[in-house]
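The values are calculated or read from the model by the stated rules, or taken from the named source; none is laboratory data. All values derive from a computational prediction rather than experimental measurement. Note that each Cβ is placed from the backbone with ideal geometry, even for glycine, and that neighbours are counted across all protein chains shown.
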């Protein structure tokens, strides 16, 4: 059935993320891995605008840094999100999505997942379909492991393949510098390399580190720096050896700690304060080990409607 849009356009802001802990279990029969994935949303944002289309179907356009790398067809997770929402409610999808990128593309910071969450929220408001939070989270989980967190934001523990979330208390502000690499890394390839590097070594069930959860709760950057961990980092560094130099440069520049962000190839550096962030970013830019360095902080809110026009 056709749907009558409630507005002419709706814009939703969605955050990037960093995995402050990514504990990876053994491969499951379905090919995924059980995770203990502690997410923190950070203040680098994409904006997704949904506008009614006079013709059936979902179209997408994209602007901003790295937009030339974003698919403009059904391979775009935001398109799939709009189609999934329409299918869930039995309405005709007739919408144009515009994505304004600021989350680095293919950087292990969940930009595509963020855009999917943004599309769900924007289309729900545009179409007036009144989808409950529980329904939105279920749709997010079907779309991808990181999509539910892009909806929720803040800090959360992801279990299963990362899609089953428990929101976490977090105090204060954590300051970050992200060193951006050229090109991307294939997430499935990084997981395969992780499994290969582990060989026959038994892999324990992934669990959240109580010390890390306490550091988030207390807003203690130094305590958090001591326990940051990413089980995928050795695999990412093996596939992209230049990341080792980036990590070393950030630490030499004064970061409290650094790690590969998710499956990479961006590297995330935790710093003491905003002034330190600018110094670390300047040092990274001068090191020649990354194409750019971005300063931000977290936690940041999840998908948020920031504009709608009747």
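Among residues of segment 246-259 that are at pLDDT below 95, none has a beta-carbon under 6 Å from a residue that is surrounded by 24 or more Cβ atoms within 10 Å (Cβ to Cβ) and part of a helix (DSSP H, G or I) at least six positions away or on a different chain. The residues of segment 282-297 that are crowded, with 24+ Cβ neighbours inside 10 Å and part of a helix (DSSP H, G or I) amount to a single one, 284. When you check residue 38 against the structure, is it buried (at least 23 other Cβ atoms within 10 Å of the Cβ), on the phi < 0 side of the Ramachandran plot, without any contact (Cβ under 8 Å) to a residue 60 or more places away in the chain and not assigned by TED's automatic domain parsing to the domain that holds residue 260, yes or no? No. Hey, does segment 254-265 have a residue that's outside the structural domain of residue 110 (by TED's automatic domain parsing), assigned to a helix (DSSP H, G or I), surrounded by fewer than 23 Cβ atoms within 10 Å (Cβ to Cβ) and in contact with a strand residue (DSSP E or B) (Cβ under 6 Å, 6 or more places away or on another chain)? No: segment 254-265 contains no residue that is outside the structural domain of residue 110 (by TED's automatic domain parsing), assigned to a helix (DSSP H, G or I), surrounded by fewer than 23 Cβ atoms within 10 Å (Cβ to Cβ) and in contact with a strand residue (DSSP E or B) (Cβ under 6 Å, 6 or more places away or on another chain). Residues that are over 30 Å from residue 28 (Cα atoms) and touching a helix residue (DSSP H, G or I) at 6+ places or on another chain (Cβ under 7 Å) were ranked within segment 188-228; the one that is surrounded by the fewest Cβ atoms within 10 Å (Cβ to Cβ) is 223.
When the criteria are applied in full, residue 170 meets the requirement of being touching a helix residue (DSSP H, G or I) at 6+ places or on another chain (Cβ under 7 Å) and over 14 Å from residue 110 (Cβ atoms).
Go through segment 109-141 and report how many residues are touching a residue at least 24 places away in the same chain (Cβ under 8 Å) and under 16 Å from the mean Cα position of the chain (by Cα). Full working, then the answer.
First, pick out the residues of segment 109-141 that are touching a residue at least 24 places away in the same chain (Cβ under 8 Å): 109-129, 131, 135, 137, 139-140.
If we keep only those that are under 16 Å from the mean Cα position of the chain (by Cα) too, we end up with 109-120, 137, 140.
Matching residues across segment 109-141 total 14.
Residue 202: outside any loop (DSSP other than H, G, I, E, B), more than 30 Å from residue 218 (Cβ to Cβ), in the same structural domain as residue 255 (by TED's automatic domain parsing) and at pLDDT below 95, yes or no?
Details: outside any loop (DSSP other than H, G, I, E, B): no; more than 30 Å from residue 218 (Cβ to Cβ): yes; in the same structural domain as residue 255 (by TED's automatic domain parsing): yes; at pLDDT below 95: yes.
In short, no.
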